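The values are calculated or read from the model by the stated rules, or taken from the named source; none is laboratory data. Everything numeric in this text was worked out from a predicted model, so none of it was measured. Glycine gets a Cβ as well: all are built from the backbone with ideal geometry, and neighbour counts include every protein chain shown. Ligands, DNA and RNA are excluded from the accessible area calculation, which covers all protein heavy atoms including side chains. Shrake-Rupley method; radii C 1.70, N 1.55, O 1.52, S 1.80 Å.
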Amino acid sequence: MKVVILAGGYGSRLSEYTKVIPKPMVLIGGIPILRHIMQIYLNQGFNDFYIALGYKGDVIKKYFSQLTNNKKKNIFTINSKKYKYKVTLLETGKNSMTGGRLKKFEKIIGKNDFMFTYGDGLANINLKKLLKFHISHKKVGTVTTVRPPARFGALT
């Protein structure tokens, strides 16, 4: 199953970092957020990634170019010690919004189910259970969300 990751936004809330790199490439523990997201999917058996590039997409291209010699026109096959996976990078426009970025994948995905997340979408979700839930409800889409705690606390 294909996994689409949006990695083209400006990341304005992290502007001290994103003046130089796109938000998905901000490091957590020395590893880009994007790789953490991919690791979540890889650990659960998903290994076909499609990255929607935009703002500073060249940084992401360079990153994947350094991981493997097995590449052809923005498609990278990566063999790590534990996983083999494919990464396809697609330019979706510097100023595209979420829907426009996703629309660029219409021909690639067709009518097949797919996973879709943002380039900062770190979560502890059982993806196979989520997929089973989605399929059992026979709906067009299933959305996961979290209600973040109030930024400056809460009053009761």
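Charges were assigned to the Cβ only: +1 to each Lys and Arg, -1 to each Asp and Glu. The resulting dipole of the range 35-156 about its Cα centre is roughly 240 debye. Taking all protein chains into account, the per residue accessible area for the range 7-156 stands at 70 Å² (1.4 Å probe). Only Cα pairs under 8 Å and 6+ residues apart enter the sum, and on that basis the relative contact order of the chain stands at 29 percent. Output the antiparallel fraction of DSSP beta bridges having both residues in the chain, as a percent to the nearest 5. Antiparallel: roughly 35 percent of the beta bridges in the chain. Taking Cβ atoms as reference points and 12 Å as the exclusive limit, the residues near Ile135 contribute a net charge of +4, counting Lys and Arg as +1 and Asp and Glu as -1. Packing around the peptides 25-35, 4-14, taken as the average count of other Cβ atoms within 10 Å per residue, puts them in this order, highest first: 4-14, 25-35.
Within the accessible surface of the chain, defined with a 1.4 Å probe on protein heavy atoms only, the carbon and sulfur portion equals 55 percent.
Ranked by the mean number of other Cβ atoms within 10 Å per residue, highest first, peptides 148-154, 56-62 order as 56-62, 148-154. With a Förster radius of 41 Å applied to the beta-carbon distance between Ile109 and Arg151, the computed FRET efficiency rounds to 0.70. Cross-link reach is defined here as a Cα-Cα straight distance under 16 Å, omitting same-chain residues fewer than 8 places apart; for Lys94 the lysines meeting it are Lys19, Lys23, Lys56, Lys61, Lys103, Lys104.
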